[in-house]
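Here the structure comes first, spelled out in structure tokens, and everything after it is commentary.
The values are calculated or read from the model by the stated rules, or taken from the named source; none is laboratory data. What you see is a predicted model; the values in this text were computed from it and never measured. Virtual Cβ from ideal backbone geometry, glycine too; neighbours counted across all protein chains shown. Calculation scope for accessible area: heavy atoms of the full protein, side chains included, ligands and nucleic acids excluded. Shrake-Rupley method; radii C 1.70, N 1.55, O 1.52, S 1.80 Å.
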Amino acid sequence: MQYSTFAAIDIDSYDVFLEIFEISKKQGIHSIDKIRHRMELGKDTYTMGKISPRMEEELCRVLADFVRIMEGYKVDAYRAVAVSSIREAENSLFVLGKIHQLTGLEVTVLSNSEQRFLGYKALAAMEENFNKIIEKGTAIIDLDGGSLQISLFDKDALVTTQNIRMGNLRIRERLSGVVNNTTHYESLVEEFIWNEVTSFKKMYLKDRKIENIMLLGDLFTDTVFQNMEEKMTKIISRENFGNWYQNVIGQSPMELAVKLGIPLENASLMYPSAVIYKCLIDMMGAERIWIPGTHLPRGIAYEYAEQNKILKGGHNFENDILMAAKNIGKRYAVNRPHVQNLDMIATTLFDAMKKVHGLGKRERLLLQMAVMLHDVGKYISLNYVAECSYNIIMSNEIIGLSHIEREMIALIAKFNTTRLPSYEELVMESSLSVEQYLVVAQLTAILRLANALDRSHYQKITSIRASLKERELIMNLTVNRDFTLEQGLCQEKLDFFYEVFSVQPVLKLKRQM
């Protein structure tokens, strides 16, 4: 049986974790070793804003040991990632440079949306019934040292996902100066988080019924429920959660550490974790709580297996990304018929131009998202749509996208109606590479032309066929009413399309009978 040996390294807020996997088509993803080193990188970042030299040295020593372990297993591939503890550190580039210099490891700093997306992939990899579970109202609560992510699923689709920068380690450090002044620490934590939690409820829960809650992404979920009766099923009742909560709050961190056999530092994080979970569970009223005990490395392994076609995923994660964009558009009252018509036109043009642009599925997805969000700025201002659209997209987290991909979508939306600057101009304000700039230019050209073909927003085009013939893009359009406005105003877009692709679009109209 053929299999791949894969290593995943997770540089987290309170530990550094290596997991070795064997991956095969027959057996799936099988963990063969786990090594965890406890170190609170997040404590430095969340209190001082950067990682101390002492922590840097310790981190590099640990990662050098991980490299030797991977060599011993003769892994076929690896991926090393870091999350908020390095992402938010002022000296993150220095830390990454030192890691590469001393260990040879290339570490990817995940955006929050990428991190949480991998968490969902880890969950889907472990829970065979994941798709069935999320058919009913389900909330996934992903808590780590830096922040809390709440995602709502219903009818097998992502409804919304929101990040709140209140992780257990961040809260513990923020409240460390007042913890000795109270005998009810849990009340302080509840007061600290309650405004954000209730704001989430008002904006996103409303009358939505939540039947299941999944807890993931936290070292804490591995150990806290080990003494509960339902541990083998990974499900606990709301009543049993309440009993566990009272037990935690009634003991000191030292007592919890001894009882559960965990480090004292872990036990000190259980108070803010327990209060956060308790507030959300009470607010949502779910009776079933799932604790799969999964980790980010499994999501990394799952993504590797998908990308290398070793495994085929059962859940459509691309649809979750599109649903996230769709719900942002809904929040800002986009014109849905226009967007749907635009999606049909733009994707047809993209597919017909494949031999010219050479772009793939990921870029097609970015185009679809730009289509969905290009007009969100109208919610703020009808006179400054481009700038407002850019700011709204950059301010809204889109699950599964990197920061640079979100910036590309925002720029495509912005340049849909404004001048596309040269790369030398744009790079002064943007982190885009030359290759990414060219992708933005190509997708902008497609969006501009597609948008011009529905200039009236009347969805006059009922069907479109496009084919590439030498240096012409023949567009056969079936229209249901007079098309004079669109033809008269699209010449500028046709010229820009030719400038980008050196291909001349040719419109051929057929009136629908």
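Can you work out which of the residues in region 29-64 that are assigned to a helix (DSSP H, G or I) and free of Cβ contacts under 8 Å to residues at least 24 places away in the same chain is least open to solvent (accessible area, probe 1.4 Å)? Among them, the one singled out is Met55. Restricting attention to region 338-376 and to residues that are within 19 Å of Phe501 (Cβ to Cβ) and among the β-branched types (Val, Ile, Thr), the residue that is surrounded by the fewest Cβ atoms within 10 Å (Cβ to Cβ) turns out to be Val356. Filtering Leu373, Leu349 for residues that are at pLDDT 95 or above and either among the aromatic types (Phe, Trp, Tyr) or under 30 Å from Arg471 (Cα atoms) (or both) leaves a single hit, Leu349. Scanning region 362-416 for residues that are among the basic types (Lys, Arg) and closer than 22 Å to Leu158 by Cα yields a total of 3. Yes or no: region 284-292 includes at least one residue that is open to solvent by less than 10 Å² (accessible area, probe 1.4 Å) and of a type in the set (Asp, Glu). No, region 284-292 contains no residue that is open to solvent by less than 10 Å² (accessible area, probe 1.4 Å) and of a type in the set (Asp, Glu). Cβ-Cβ contacts under 9 Å between residues 6 or more apart (or on different chains), taken from a first residue in region 170-187 that is of a type in the set (D, E, K, R) to a second residue that is open to solvent by 50 Å² or more (accessible area, probe 1.4 Å) and in a helix (DSSP H, G or I), are listed as Arg172/Lys43; Arg172/Val179; Glu173/Lys43; Glu173/Thr47; Arg174/Thr47; Arg174/Phe192.
Evaluated against (1) surrounded by fewer than 16 Cβ atoms within 10 Å (Cβ to Cβ); (2) at pLDDT 85 or above; (3) closer than 23 Å to Tyr277 by Cβ, Asn195 falls short on exactly one condition, (2).
Test Arg481 against the stated conditions and say whether it is open to solvent by 20 Å² or more (accessible area, probe 1.4 Å) and under 17 Å from Ala346 (Cβ atoms). If you could, list the steps in order and put the result at the bottom.
On the way: open to solvent by 20 Å² or more (accessible area, probe 1.4 Å): yes; under 17 Å from Ala346 (Cβ atoms): no.
In short, no.
Considering Glu435, Glu429, the condition of being surrounded by fewer than 18 Cβ atoms within 10 Å (Cβ to Cβ), acidic (Asp, Glu) and at pLDDT 95 or above is satisfied by Glu435 alone. Beta carbons closer than 7 Å, at least 6 apart along the sequence or on distinct chains, pair a first residue in region 330-341 that is part of a helix (DSSP H, G or I) with a second that is open to solvent by less than 40 Å² (accessible area, probe 1.4 Å) for His338/Asp454; Val339/Gly329; Val339/Val371; Val339/Met372; Asn341/Asp454; Asn341/Ile461. Only one of the numbered conditions (1) modelled with pLDDT under 90; (2) surrounded by 15 or more Cβ atoms within 10 Å (Cβ to Cβ) is not met by Ile23, and that is (1).
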